[in-house]
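Okay, so here's the structure we're looking at.
Values quoted throughout were computed directly from the atomic coordinates according to the rules given, and no laboratory measurement underlies them. What you see is a predicted model; the values in this text were computed from it and never measured. We place every Cβ from the backbone using ideal geometry, glycine too, and count neighbours over all the protein chains shown.
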Amino acid sequence: MKVSARNVFKGSISAVLHGAVNAEVEVSLGGSDKLVAIVTMESVRTLGLTVGTDVVALVKAPWVMLMADGSDIRLSARNCLRGTVKSVEPGAVNAEVTLTLPGGTEVSSVVTREAVSELGLKPGVAATAVIKASNVILGVPA
Amino acid sequence: MKVSARNVFKGSISAVLHGAVNAEVEVSLGGSDKLVAIVTMESVRTLGLTVGTDVVALVKAPWVMLMADGSDIRLSARNCLRGTVKSVEPGAVNAEVTLTLPGGTEVSSVVTREAVSELGLKPGVAATAVIKASNVILGVPA
Amino acid sequence: MKVSARNVFKGSISAVLHGAVNAEVEVSLGGSDKLVAIVTMESVRTLGLTVGTDVVALVKAPWVMLMADGSDIRLSARNCLRGTVKSVEPGAVNAEVTLTLPGGTEVSSVVTREAVSELGLKPGVAATAVIKASNVILGVPA
């Protein structure tokens, strides 16, 4: 599989909640890392998404928000993945920041250099990757 | 709270509509400015999102679309926030455009320089910031 | 209509599926090209979105993911639009890649230059534009 998304997470489905139009799917990534996706019920049916199904979860790096450690706030985003900054690669305006999660999963994000500076992001620092469930795409083998 | 999102709006919840998987939450930002967010019902429950709750609404700048004034179109995006261009900061390919809304809220967006030119965006010009409700993240004090 | 979104697709609604909060709207773009959008029920009501309504579908280029041809995977994203690369315009970090679909529709995406290289994207090559239905904004004449 070759996709432009910088985040390709392998896992298996650990829970599915059905709605009329959308469904909420929880994916266990290995270790204790988990990711929740909102997909349409039509996708649940056509891809056969049930508990135990092996899937990949795709997330473009610009869809990931970062939060500094010690932020005294709880977010509606279903995926608040606490980890450690592995690397910061600055561009002209933006920077690509990669976190390592406790279970070993790596998460890449693109944020402004201004944000990197404000949040004090550098290798070794704790930070949280925030991903809205509706921005996660699931894939199964064809 | 330190987050990478360039838009951090403070407000309080003025309406909640429940669905099976998702809920629609209206946030009053002060002045007459309002923002609608779609979050999961699980977030409504765990964060205790009810009418009157103080929240912050987070939106990454690249998730904001801009529309020139006088566009003869109505959009499905629940947040079409009409304001005035405060500043345009051009980068190599993109530009950061900040609008001021009537109630005083400022909204930052990242769009292409090509779009800035096509839409004639410069300080003082009227424009509309378009934000899909599903791209708004809500936060409450921890 | 002047909007910053690089993708403005004209079409007419060919199907609508109602939920409690959200609705799924299928737009026929001409030729055999189709696009599915998730919008709120409130938008369905206020914009009068029913089968046969002429609409525009707006998608910002950074919300489009690309997949190389021959990928042995099926995705939950409702819009997997197979086409041919028309152009690749490299920037410092990202590149704008435009595909032409069989029905003639053009789709612009912004992905990293790293992804362009990994996927072997260049004019004439087959590729798939992946767009989550929740990232499509619909518009009707005012």
Just checking, which of C:THR84, C:THR50, C:THR100, C:THR128 is over 24 Å from A:ALA142 (Cβ atoms) and hydroxyl-bearing (Ser, Thr, Tyr)?
C:THR50
Just wondering, is there one or more residues in the stretch A:130-142 that are surrounded by 20 or more Cβ atoms within 10 Å (Cβ to Cβ), part of a loop (DSSP other than H, G, I, E, B) and touching a helix residue (DSSP H, G or I) at 6+ places or on another chain (Cβ under 9 Å)?
yes
Does C:LEU81 fit the bill of being under 23 Å from C:GLY30 (Cα atoms), under 11 Å from the mean Cα position of the chain (by Cα) and of a type outside the set (S, T, N, Q)?
yes
Say whether the condition of being within 30 Å of C:ILE13 (Cβ to Cβ) and either within 14 Å of chain A (Cβ to nearest Cβ) or under 19 Å from the mean Cα position of the chain (by Cα) (or both) is met by at least one residue in the stretch B:7-16.
yes
For the stretch A:1-29, how many residues are in a loop (DSSP other than H, G, I, E, B) and touching a strand residue (DSSP E or B) at 6+ places or on another chain (Cβ under 6 Å)?
6
Of the residues in the stretch A:73-89, how many are surrounded by fewer than 16 Cβ atoms within 10 Å (Cβ to Cβ) and in contact (Cβ under 8 Å) with a residue 12 or more places away in the chain?
4
Contacts under 9 angstrom Cβ, first residue in the stretch A:35-64 being more than 9 Å from every other protein chain (Cβ to nearest Cβ) and touching a residue at least 60 places away in the same chain (Cβ under 8 Å), partner crowded, with 19+ Cβ neighbours inside 10 Å and among the charged types (D, E, K, R), 6 or more apart:
A:LEU35/A:ARG78; A:VAL59/A:ARG6
Could we say that C:ALA92 is at the interface with chain A (Cβ under 8 Å from one of its Cβ atoms) and surrounded by fewer than 24 Cβ atoms within 10 Å (Cβ to Cβ) here?
yes
